[in-house]
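Q: Next up is a structure, given as structure tokens.
Since every read-out is calculated from the coordinates, none of them should be taken as a lab result. Every value quoted in this text rests on a predicted model; they were computed, and no experiment measured them. Because the Cβ atoms are built from the backbone with ideal geometry, glycine has one as well, and the counts that use them run over all protein chains shown.
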Amino acid sequence: MPNSETIFTIVTFIYGLAFILYVAAWIFKKSLPGKTATGVLIAAAAGNSAGFVLRWAESHQMGYGYVPLSNLYESLVFFALCIAVIYLVIEYRYKVRTIGVFASIVPFLAMAYASLPSVDSQIQPLIPALQSNWLIAHVITCFLGYAAFAIACGISIMYLIKSASASPDTGTVGRFPDADTMDELTHQMIAFGFLFLSVGIITGAIWADQAWGRYWGWDPKETWSLITWLIYATLLHARFMRGWEGRRIAYLSCLGFVAVLFTYFGVNLLPGLHSYQ
Amino acid sequence: MNNQKHASTAPAAFVDRIWDFFASVRLSVVLLLSLAATSIIGTVIPQNADPSLYARKFGPDLYSVLDALSIFNMYQSWWFRLLLCLLVINLVVCSVRRLKATWKVIFPKKTHFNPDRFKKAAGRIEWQVPDTPAGELKDTIEQYMQKRYSHVQTRQENDSWWIFGERGRWTRLGVYGVHLSVVLLVIGGLIGSLFGFEGMMNVPEGETRRSITLRNSDETRQLDFSVRCDDFTVSHYPSGRPKEYRSDIAIIENEKEVETHRLRVNDPLRYKGINIFQSSYGQNAAEKFTVVFTDTDSGMRFEKQGAMGETVDLPAGKGELTVEDFSGNFAFRGHNVGPAFLASLNPSSGEQRPVLLPVNYPKFDRMRGGDYAISIEDVEYTYYTGLQVTRDPGVPLVYISFALMILACYVTFFMFQQKIGIEVQDSDTGVRVAVGGISERKRPGIRTAVRRLAAKLQKQTNQSTAG
């Protein structure tokens, strides 16, 4: 039986294949590669989930027994899974496939990053601070939020490409969803992401209160998650109260995702409790 | 809504202007982005570090400017707190003003439904029902709507029956819930910073301590009780990673033991509003140990009983050694060599010099190249446990605000007020039923709601036809 790492390596390539098929379906406007792409992405997500469960079982076999959400490697794997699953729900509900181009490349890149030698993939037992059920709630909610923001950013980029295009209704750009659908989807994803980011920050605060006796310590990761939250709060107010739409919202959505990326990766360059050491 | 009032006196106009300033969403956007932008500073410049470090890093001039701006403690600075304070005022004023204006919309005495709006509603769904009289269909639909919606009204307009219903009106309050949660959070945080404290205490095994050192200061504070550490253990996984830090502690009040607790990380003790957390630990060497002198030529060992601060003689009158200090984690040229003693060697010939004696590396002193290599053995350690001690009376309010924020965010984003208008009209081919729905702010979910309702009604009307 293969170990979880092998499965994740295979899954990386399946995500890559899904990406190629989504691009093919988008450029050549064929339904066969499109349907295949969906099937391949479902397979990748299923493999990703299977690997996750297997890694969980492996940690039990090694006598540590923890939910695999405790280091950079495991978080990348989970991030990829969240994006794939959220996107598949959107594809099913809105019958749009072009977003799959973004929704398959990000999991592919996340998994490829996880496979780099600099990212430690060993199953390591949990240090005392991480031995808490709040860890699970905190990581799951944060990454659902991050994944929704990633998809929102992908759609916003498509929106910006479409609105800058000289012929927005024809050719490859014409096959993007219409502007209203994209605007609506961006908003849906940001609302979803904002709720989960809020829950993620709150569960993290409760955990910090349990472990260190303070719910907020202005640690760089905490602060950056707040910065992200503030940017998306700005976006929501600009949209609802000042009627911002279209390009301006798309730019804010991209800015928000830059903050997400910095919260996720950039903070590791700064000193603090969250630096995945 | 301001234009019809307050034309009277100048002070009133001034108050109005201030009110308008704080009621603007533009101010909210500016404040949110300012808080986001300024927060970055404190993540790039480490906060509350030693002033001498900053002075070295930035130079004396820049240091004094940055220090005057409280950059090194920015999240507690007056200007950051001012921004937060402005945000809270802005939020309260905006919410009060909007709630005043929309209260009657949210809770009208009578609900009005305008058939034209439902006719024009996007995503309206129509279907034909043969063989059932319009009146009967109307009754079936009305019954169904009574169960699922409130404020259900039925009336005849021209040649159509209209059944209206509404639900989720209260969800419009969701956004005020989110705002209230932010206000409660800030108040909770303020209570904590005004009436709470945070400090550290190191308690050696077997000893009792009462005072804590406050965070980011040299001040100490006496607790109303003492803490005794009965035992401290640290266990490791086979790989060497720490597995558990554990302190058995007892609370002593009025010289009586009132509570004991096995303290672990993530398992604090809460006693009389004060929280005690396992935070760190350290090693104290026991007072007694063995000093070993190994003749570098013959390899002969000479052992002597040593004690902290005392002097032992080297063999053959070659001098004397005073053990002066101990460190649990000594850094030698950037490498942690673990527990180590610092001693002063005073040879009979030559100058006095310091020697480092790492316990885990007994051959370390050979590098010095003296007549005797010195090492220290048979050290019995005692540990001290490092406890974080906090008091934060704002926490209950903060937790309430957390719960409210999650709940209210969910209501705001995923629930909405919906009004439904169903038209039942006789036509040549049977009865035409059309379901239309409208929501505040054109929520995308309304289409799904209409689709689901139409599917349910189709089933209901078919059943009634079959029956």
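Q: Determine ³J(HN,Hα), in whole Hz, for all residues of the stretch A:33-45 in sequence, where each value follows from phi through the Karplus function 6.51 cos²θ - 1.76 cosθ + 1.60 and θ = phi - 60°; x replaces Gly and Pro.
A: Result, ordered by residue: x, x, 5, 4, 4, 4, x, 5, 5, 4, 4, 4, 5 Hz.
Q: Using alpha carbon centroids, what distance separates the stretch B:142-205 and the stretch B:356-416, in Å?
A: Value for the Cα centre distance between the two parts: 40 Å.
Q: Separate question: Please work out the Cα center distance from the stretch B:206-251 to the stretch A:227-257, rounded to the nearest Å.
A: 46
Q: How large is the charge dipole for the protein assembly as shown, taken about the Cα centre, if only the Cβ atoms of Lys, Arg (+1) and Asp, Glu (-1) carry charge, to the nearest 20 debye?
A: On the way: 71 positive and 63 negative charges, 896 e Å.
Roughly 4300 debye, rounded to the nearest 20.
Q: Out of the trypsin sites (Lys or Arg not before Pro) in the stretch A:39-121, which ones are loop residues according to DSSP with at most 14 other C-beta atoms within 10 Å? Please report the intermediate quantities before stating the final value.
A: Numbers: sites: A:R55, A:R93, A:K95, A:R97; in loops: A:K95, A:R97.
Of the trypsin sites (Lys or Arg not before Pro), the ones in loops of the stretch A:39-121 whose Cβ has at most 14 other Cβ atoms within 10 Å are A:K95.
Q: Under 5 Å between amide hydrogens, which residues at least 5 positions from B:V265 or on another chain qualify, with H placed 1.01 Å from N in the peptide plane?
A: B:Y245
Q: Taking R0 as 45 Å, what FRET efficiency do you get between B:L342 and B:I187 from their Cβ-Cβ distance, rounded to the nearest 0.05?
A: Values: r = 51 Å, r/R0 = 1.13.
The computed FRET efficiency comes out at 0.30.
Q: Using only the Cα atoms of the protein assembly as shown, each taken as one equal point scatterer with no solvent, compute I(q) by the Debye sum, divide by I(0), and report log10 of the ratio at q = 0.06, 0.08, 0.09, 0.11 Å⁻¹.
A: -0.54, -0.87, -1.04, -1.34
Q: Can you compute the modelled spin-label distance between B:I45 and B:H151, with each label point 7 Å from Cα toward Cβ, in nm?
A: According to this spin-label approximation, the distance is 5.4 nm.
Q: On a straight-distance basis, which lysines could pair with A:K30 in a cross-link, Cα separation under 17 angstrom, same-chain partners fewer than 8 positions away excluded?
A: Counting by Cα, and skipping residues close in sequence, A:K30 has these lysines nearby: A:K95.
Q: A further question follows. Using +1 at the Cβ of each Lys and Arg and -1 at the Cβ of each Asp and Glu in the protein assembly as shown, identify which of B:Q388, B:W170, B:C85 lies farthest towards the dipole's positive end.
A: Comparing the listed Cα positions along the dipole, B:W170 ranks first.
Q: Can you put B:C229, A:C254 in order of Cβ neighbours within 10 angstrom, beginning with the fewest?
A: Exposure proxy ranking, most exposed first: A:C254, B:C229.
Q: Moving on to the next point. Below 8 Å, C-alpha to C-alpha, sequence gap of six or more: please give me the relative contact order for chain B in percent.
A: 20
Q: In addition: Need one word for chain B: rounded, prolate or oblate. Basis is the Cα gyration tensor (sqrt eigenvalues a ≥ b ≥ c); a/c below 1.5 gives rounded, then a/b vs b/c decides. Show your work: numbers first, answer last.
A: Working: a/c = 3.66, a/b = 2.57, b/c = 1.43.
Taking the square roots of the gyration eigenvalues as a ≥ b ≥ c, chain B is prolate.
Q: Put a dot 7 Å past each Cα toward the Cβ at B:T382 and A:I27; how far apart are the dots in nm?
A: Simple spin-label model gives 7.5 nm for this pair.
Q: Find, among the trypsin sites (Lys or Arg not before Pro) in the stretch B:102-204, those assigned to loop by DSSP (not H, G, I, E, B) with at most 15 other beta-carbon atoms within 10 angstrom.
A: On the way: sites: B:K104, B:K109, B:K110, B:R117, B:K119, B:K120, B:R124, B:K138, B:K147, B:R148, B:R155, B:R167, B:R169, B:R172; in loops: B:K109, B:K110, B:R124.
Of the trypsin sites (Lys or Arg not before Pro), the ones in loops of the stretch B:102-204 whose Cβ has at most 15 other Cβ atoms within 10 Å are B:K109, B:K110.
Q: Next up: Using the structure shown, list the pairs from A:K35/B:K456; B:K110/B:K442; B:K110/B:K138 with a Cα-Cα distance above 28 Å, or answer none.
A: Working: A:K35/B:K456 31 Å; B:K110/B:K442 22 Å; B:K110/B:K138 22 Å.
From A:K35/B:K456; B:K110/B:K442; B:K110/B:K138, over 28 Å: A:K35/B:K456.
Q: Give the lysines whose C-alpha is closer than 26 Å to that of B:K272, dropping any in the same chain fewer than 8 places away, or say none.
A: Once the sequence-local lysines are set aside, what remains near B:K272 is B:K256.
Q: Sticking with this structure for a sec: Run down the aspartates and glutamates and flag those whose C-alpha is under 17 Å from the C-alpha of A:K221, throwing out any fewer than 8 positions away in its chain.
A: A:D209
Q: Enter the Cα centre distance for the pair the stretch A:126-172 and the stretch A:16-38, rounded to the nearest angstrom.
A: Answer, in whole Å: 21.
Q: Right, next: Using the Cα centre as the reference, give the magnitude of the dipole from point charges on the C-beta atoms of chain B (Lys, Arg: +1; Asp, Glu: -1; all else neutral), rounded to the nearest 20 debye.
A: Values: 56 positive and 49 negative charges, 789 e Å.
Its charge dipole is roughly 3780 debye.
Q: Separate question: Rg and Dmax in Å for the stretch B:81-121, alpha carbons only: what are they?
A: 17.3, 52
Q: Moving on. Can you tell me how chain A classifies by the Cα gyration tensor, rounded, prolate or oblate, using a/c under 1.5 as the rounded cut? Don't skip to the answer; put the middle values down first.
A: On the way: a/c = 2.42, a/b = 1.26, b/c = 1.91.
Taking the square roots of the gyration eigenvalues as a ≥ b ≥ c, chain A is oblate.
Q: How would you rank A:Y159, B:Y245, going from fewest to most other Cβ atoms within 10 Å of each one's own Cβ?
A: Least to most surrounded, the residues fall as B:Y245, A:Y159.
Q: Apply the Karplus curve 6.51 cos²θ - 1.76 cosθ + 1.60, θ = phi - 60°, to the phi angles in the stretch B:95-109 and return the couplings in whole Hz, x for Gly and Pro.
A: 5, 4, 5, 5, 5, 4, 6, 9, 4, 5, 6, 6, 10, x, 5
Q: Also, quick follow-up: Sort B:D16, B:D159 so that the residue with the fewest other Cβ atoms within 10 Å of its own Cβ comes first and the one with the most comes last. Present the calculation step by step, with values, prior to reporting the outcome.
A: Details: B:D16 14, B:D159 9.
Ordered by Cβ neighbours within 10 Å, fewest first: B:D159, B:D16.
Q: Taking amide H atoms as placed 1.01 Å from N in the peptide plane, list the residues 5 or more away in sequence, or in a different chain, whose amide H sits under 5 Å from that of B:Y383.
A: Excluding prolines and chain starts, which carry no amide H, the hits are B:E205, B:N284.
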